[in-house]
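Student: Below you'll find the structure I mean.
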Amino acid sequence: MLDLSRNGAGPFRFSGHETFPCRYAWLPKAYRAIAKDPLIFSDEERSMVELGIGKNMVRSLRFWMDAMGVVEHASEAGHRPTEFGRMVLDGAGLDPYLEDDRTLWLLHWNVSSRANPTLFAWGHMLSEWPYPEFTRSEALKSFQRRSEELGHRHSEVTLGQHLDVFLHTYTGTQGAKVAVEDSLDGPLVGLRLIVPAGERRNATGRWETVYAFRRESKPDIGDDLFEYCVRDFWDRNAPGESTLPLRAVASASGSPGQVFKLTEDDVRQRLEAISRRPGASIRYQPSAVQGMIYKEGPRVDLASVYRG
């Protein structure tokens, strides 16, 4: 049975991004480079020349390609595209230049639910943080407490850098006093999952930006995409179970409800709509106590998500 508790003792990953959030052009460019030469990342100097970025950015890009589920390490063979990477980013793929919002939501899904080990900031802020909004100082204090609970001894600098990468992945850097290269927003900023919601004073009396999770229904996450993620979550976390309770999809750690920041009522309505479609891979059965979801057939594939 799927454990509905919050993330336990990990494993979590706190570093590897070299303090850089993923940039918009990185994934298509790196995918093409790896498809051409699987060993491109085994030589950082060659990677720097081929991709036109610095050494730390090469390391960061390698991290994001893995965390977003685009490529996987193949030992002495270097890196190889994942099935997701091939189907979406190949030259004749479904969205090779990240022009479709569905691709961006799927990249968000991969980094938030599929990354192994789980990225700490994503796991903590999306599945453990209990409030609808936060400031940087509030989140950082929570990071410190949770890190200590897990037996880590990370410095405030390390945790702060990790938090900033999470924030800049979704809120960008436009308007901040940063270098031109650092002002290039990443692909997930356009999802507006996290939005500025005013300011308030912190414990030292300084004003801070308040960030809020956008809890709206998000119609750009279509039923096919949502069904795909439900089955992906189910098949990875409870493959032997033929039923799943509504609360698992709505509130379990790394679930579609948590990762997409949807209310339980929104999740229920989506499941009901999917159940009414012929050939759906899942069926929702409401009840007075706890609605249940049943497997009905093969999971929806990526091509169907984009056709939908």
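Student: I need the Kirkwood Rh of the stretch 131-267: take the reciprocal of the average 1/r across all distinct C-alpha pairs and report it in angstrom.
Tutor: Details: mean 1/r = 0.0578 Å⁻¹.
Final number for the Kirkwood radius of the stretch 131-267 is 17.3 Å.
Student: Next question. May I ask you to evaluate 6.51 cos²θ - 1.76 cosθ + 1.60, the Karplus curve with θ = phi - 60°, for each residue of the stretch 203-213 and list the ³J(HN,Hα) values in order in whole Hz, giving x for glycine and proline?
Tutor: Along the stretch 203-213, the couplings run 5, 8, x, 7, 7, 10, 5, 9, 9, 10, 6 Hz.
Student: So which lysines pass the test for Lys55, namely a Cα distance under 25 Å, with those fewer than 8 places away in the same chain ruled out?
Tutor: Lys55 reaches Lys29, Lys36, Lys177.
Student: Here's another thing I want to ask about it. With a cut-off of at most 16 other beta carbons within 10 Å, and DSSP calling the residue loop, which GluC sites (Glu not before Pro) in the stretch 39-136 qualify? Please list them.
Tutor: Values: sites: Glu44, Glu45, Glu50, Glu72, Glu76, Glu83, Glu99, Glu128, Glu133; in loops: Glu99, Glu128.
Listed in order of number, the matching sites are Glu99, Glu128.
Student: What is the diffusion coefficient of the chain in µm²/s, taking the Kirkwood radius over Cα pairs and the Stokes-Einstein relation at 10 °C with a viscosity of 1.306 mPa s?
Tutor: Values: Rh = 20.4 Å.
Stokes-Einstein gives a translational diffusion coefficient of 78 µm²/s.
Student: Putting +1 on Lys and Arg Cβ atoms and -1 on Asp and Glu Cβ atoms, find which of His162, Leu140, Ala115 reaches farthest to the positive end of the dipole of the stretch 65-188.
Tutor: About the Cα centre, the residue reaching furthest to the positive side is Leu140.
Student: Which cross-chain or sequence-distant (5 or more) residues have an amide H under 5 Å from the amide H of Thr118, H modelled 1.01 Å from N in plane?
Tutor: Residues meeting the amide H criterion: Arg13.
Student: Only helical DSSP H runs with n ≥ 4 go in: add -39500 (n - 2.57) per run for the chain, normalise by residue count and round the 222 nm mean residue ellipticity to 500 deg cm²/dmol.
Tutor: Numbers: 13 runs with 129 residues, N = 308.
Calculated mean residue ellipticity at 222 nm is -12500 deg cm²/dmol.
Student: Could you list Thr82, Thr118, Thr209 in order of exposure, starting from the residue whose Cβ has the fewest other Cβ atoms within 10 Å? Could you put the intermediate results ahead of the total?
Tutor: On the way: Thr82 19, Thr118 23, Thr209 14.
Going from least to most buried by this count: Thr209, Thr82, Thr118.
Student: Then there's this: Eigenvalues of the Cα gyration tensor times 5, then square-rooted: what semi-axes does that give for the stretch 223-307, in whole angstrom, largest first?
Tutor: Values: eigenvalues 60, 40, 36 Å².
The answer is 17, 14, 13 Å, longest axis first.
Student: Provide the per-residue ³J(HN,Hα) series for the stretch 120-135, in order, calculated from phi with Karplus coefficients 6.51, -1.76, 1.60 and θ = phi - 60°, each as a whole number of Hz, with x at glycine and proline positions.
Tutor: 4, 4, 5, x, 6, 6, 8, 10, 10, 5, x, 10, x, 8, 6, 10
Student: Under a point-charge model restricted to the Cβ atoms of Lys and Arg (+1) and Asp and Glu (-1), what is the dipole moment magnitude of the stretch 223-307 relative to its Cα centre, in debye to the nearest 20?
Tutor: Values: 12 positive and 12 negative charges, 13 e Å.
Value, rounded to 20: 60 debye.
Read the figures in this text as sums done on the coordinates, not as results from a lab. In this text, all values refer to a predicted model and were calculated from it rather than measured experimentally. Heads up, the Cβs are rebuilt from the backbone with ideal geometry, glycines too, and the neighbour counts pull from every protein chain shown.
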